[in-house]
Structures are given as structure tokens and as C-alpha cells.
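**Q** Structure in C-alpha cells, see below.
The values are calculated or read from the model by the stated rules, or taken from the named source; none is laboratory data. All figures in this text were calculated on a predicted structure; none of them were measured in a lab. Here the Cβ positions follow ideal geometry from the backbone for every residue, glycine too, while neighbour counts run over all protein chains shown.
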Amino acid sequence: MDNTTLGFIGLGNMGGRMTRCLVDAGLKVLGYDTDPGRVRAAGATVAGSIAEVVSESAVVLLSLPDSKVVEAVVEGPHGLLAHCRQGQIVVDLSTAAASSTMRLHGLFAERGVQYVDAGISGGAAAAQKGALTLMVGGDAATVDALAWVFKPIASKVFLMGESGAGHTTKLLNNFLNAVSLAATAEVMVAGKKAGLDLHRLLDVLNASSGVNFATLNRFPHIVDGNYLEGGLTGKLMSKDVVLYLDRVRELGVASLNASGPLASFGLQTALGYGDLISNRVVDAIGDMSGGVRLHDTANTTGEKA
Ligand code: NAD
């Protein structure tokens, strides 16, 4: 085993971009994905199995859809737990259920393996530039030791506390992201139906108290037909809102604001846009509002963020 080889499991929209940054920084990355084409596309070496990734790497990174998949990759008969060895570090960069993360942390600890949860923020654009924000839960010395791994992919790393604190923080952030995206989509459809100039409307929102990440970074592109494809899908956004609800229920917090994003991103999936970027929620709301599109449909692009 080479101490500078990284294992990477799950090289989709985010994992693929993070891997590309690691490879460009000169690190050797052994990748495993159920679609090996994604490993090749990211410039990593294709591994034939999870066992091969674990045996060749000191640090294994995961970027998988949800806790169900993470648990299968970790606890499956040919998974990480079956093949890991003392002293290894596994970092879960997925947006996952904190309760599952803490349980897996305990199972790894029994084998002398550190399991670190690292929520990521910034979307595909930041992943591409190696400028993600990481919110991390786990042993502080282990997180310090991961500086060489995080440097090529993140511009900000926040240690939030023990196991589960990183994934909890990610869910809190993404709930706000979901609320502001769904609410801004609705407002923009209303602006279109009111006959407002949408660029001017965004200028006003961005100079006023309605400003948020969607008004600043998403809708200035969407009104010109660029949905910034390549980022979080509508289905994954729904998953994040459901995980948030599970977490606040565990914490005994009254949640009064989840119905809007749950309905909005649920509608996106129901109308057939669920595998597209969550920004497409505006088209779902537009469909239900008389077939509204914010832009001239001839100008729609799939340009990536
Ligand atoms: P994605 O669907 O594009 O990528 C997931 C990858 O995992 C795919 O390449 C898939 O083939 C692979 N995979 C699935 N099951 C597997 C298995 N059993 N073994 C190996 N590989 C498997 O998703 P994404 O957008 O890259 O998101 C990954 C995670 O990051 C999710 O938890 C998501 O919520 C989170 N996240 C995404 C964004 C974003 O902007 N896309 C932002 C922050 C966090």
C-alpha cells in the first residue's frame, strides 16, 4: 500500500469533480463506481472492487447518493468494513443521515478505523474549482491529518464537533438552500406573469432584504436559459429535506417550514424533472402556473456550472 494513494468511491457530479481536482494536484486516485466510465472520465485509475480500493489506499473518500447506498458500500458482504484495517481513514462526503453516520462511526472504531463525516457545500461550480466548503465531524487530530486531502478540493474547512456534527450541519444548511430556491422560483414565476423585467427584478432583490443564494447565483443564469446543469438534482434535494426533517424530529425541534420545499421538489420529480438539477423546480412551478418559462425556450442551455 502507498500512503499517498487515495481511494474514491462514487464519482458522480460531485465525486467526479473532486477526483479531477485531486488528480490535477498530483495525487494518485483509485476510483470505484458502479459506472466505471465515470472513474475514467475523472482521470482516476479504475478499481475492480471496493476491496481493491481499500487494500491500496490509506484514506478512502465516499461521495454516494444517500445513507442507504453508503450503508451498502460499508456493510455489504464485500464492503469497506469487511476489508478495512487499523489506522485507515474513511471520509464520507455524501449528504447522509447523521444517525446512520454515527452508527457506522462506532462500527469502524471497533476496527481501529476513523470514520469522518464531511458535508460539502458550493455545488458543482465550487467542486470544479476545488473551492468547496467542508463541514466536518470526527476526531480533531484525524481531521488535521487530512489537510493534504482537503486542500485540493476545499477552500474552507470547518470542524463542527464529534461524529455526525458535519452531516447535521450540512442538513441545516441545505434546508435553507431548499427553502430559498423553492421560494425564489415561485417569486420569479410571479414576476414573469406580472410582466416585470426579470433581470431588473433580480437587481432589486439583490439590493433588498429578499437577497439569497438563489437570487445571487442561480437565477441570473436561469433567466437567460442556463439552468447550471450538473449540480444537485431535484430528487437529491427532496432527499436532503426529508433527512433534515428526520434530524430535527430526533432533536425535538418543531419544524414549520418544510412543507414548501417538500411540495416544490416533490412536484419537480412528479412532473418528470427529478433527475435534472434542482434549479428546474422553477419549470415545475411554471407548468402549474399556465406553462410559464422565465426565458425564451430557444435559448435553453445545458451548460454546466
Ligand atoms: P450523483 O448521483 O451524480 O453521484 C453518485 C455516484 O455514486 C454515481 O456516479 C453513481 O454511479 C455512484 N454509485 C451509486 N451507487 C454506488 C455503489 N453502490 N457503489 C459505487 N458507486 C455507486 O450524485 P452527486 O450529485 O455527485 O451527489 C453525491 C452526494 O453529494 C449526495 O449525497 C448529494 O446529496 C451530495 N451533494 C451534492 C451536491 C451537488 O451539488 N450535486 C452538493 C452537495 C452535496
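**Q** Quick one: which of Ala194, Ala154, Ala207 is outside the structural domain of Gly260 (by TED's automatic domain parsing) and more than 17 Å from Ser264 (Cβ to Cβ)?
**A** Values: Ala194 fails: outside the structural domain of Gly260 (by TED's automatic domain parsing); Ala207 fails: outside the structural domain of Gly260 (by TED's automatic domain parsing).
Exactly one residue qualifies, and that residue is Ala154.
**Q** Being closer than 13 Å to Val116 by Cα and either without any contact (Cβ under 8 Å) to a residue 60 or more places away in the chain or not hydroxyl-bearing (Ser, Thr, Tyr) (or both) is the filter here; which residues of the range 158-183 pass it?
**A** Here is the first cut: in the range 158-183, the ones closer than 13 Å to Val116 by Cα are 158-168.
Within the range 158-183, Phe158, Leu159, Met160, Gly161, Glu162, Gly164, Ala165, Gly166, His167 meet the criteria.
Matching residues to (1) away from the ligand (no atom under 13 Å from the Cβ); (2) in a strand (DSSP E or B); (3) surrounded by fewer than 17 Cβ atoms within 10 Å (Cβ to Cβ); (4) within 14 Å of the chain's Cα centre (by Cα):
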{"site": "Asp144", "(1), (2), (3), (4)": "yes, no, yes, no"}
{"site": "Ser163", "(1), (2), (3), (4)": "yes, no, no, no"}
{"site": "Lys170", "(1), (2), (3), (4)": "no, no, no, yes"}
{"site": "Asn177", "(1), (2), (3), (4)": "no, no, no, yes"}
{"site": "Leu205", "(1), (2), (3), (4)": "yes, no, no, no"}
{"site": "Asn217", "(1), (2), (3), (4)": "no, no, yes, no"}
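**Q** Shifting gears a bit: Restricting the search to the range 1-45, which residues are free of Cβ contacts under 8 Å to residues at least 12 places away in the same chain and either touching a strand residue (DSSP E or B) at 6+ places or on another chain (Cβ under 8 Å) or assigned to a helix (DSSP H, G or I) (or both)?
**A** Pro36, Gly37, Arg40
**Q** Any idea how many residues of the range 254-295 are assigned to a loop (DSSP other than H, G, I, E, B) and at negative phi?
**A** In the first step, residues of the range 254-295 are kept if they are assigned to a loop (DSSP other than H, G, I, E, B); the result is 254-258, 271-276, 288-295.
Applying the additional criterion that residues be at negative phi yields 254-258, 271, 273-276, 288-289, 292-295.
Matching residues across the range 254-295 total 16.
**Q** Please find, within the range 80-102, the residue that is nearest to the ligand (Cβ to nearest atom) out of those that are within 29 Å of Gly123 (Cβ to Cβ) and surrounded by fewer than 22 Cβ atoms within 10 Å (Cβ to Cβ).
**A** Within the range 80-102, the first condition is being within 29 Å of Gly123 (Cβ to Cβ), and the residues that meet it are 80, 89-102.
Subsequent filtering for residues that are surrounded by fewer than 22 Cβ atoms within 10 Å (Cβ to Cβ) retains 99-100, 102.
Details: Ser99: 15, Ser100: 12, Met102: 17 Å.
Here the residue is Ser100.
**Q** Within the range 3-43, restricting attention to residues that are more than 12 Å from the ligand (Cβ to nearest atom) and under 25 Å from Pro77 (Cα atoms), which residue is modelled with the lowest pLDDT?
**A** Among residues in the range 3-43 that are more than 12 Å from the ligand (Cβ to nearest atom) and under 25 Å from Pro77 (Cα atoms), the one modelled with the lowest pLDDT is Thr5.
**Q** As an exercise: evaluate Glu229 against (1) surrounded by 15 or more Cβ atoms within 10 Å (Cβ to Cβ); (2) within 30 Å of Gly164 (Cβ to Cβ); (3) acidic (Asp, Glu) and give the number of the one condition it does not meet.
**A** The number of the failed condition is (2).
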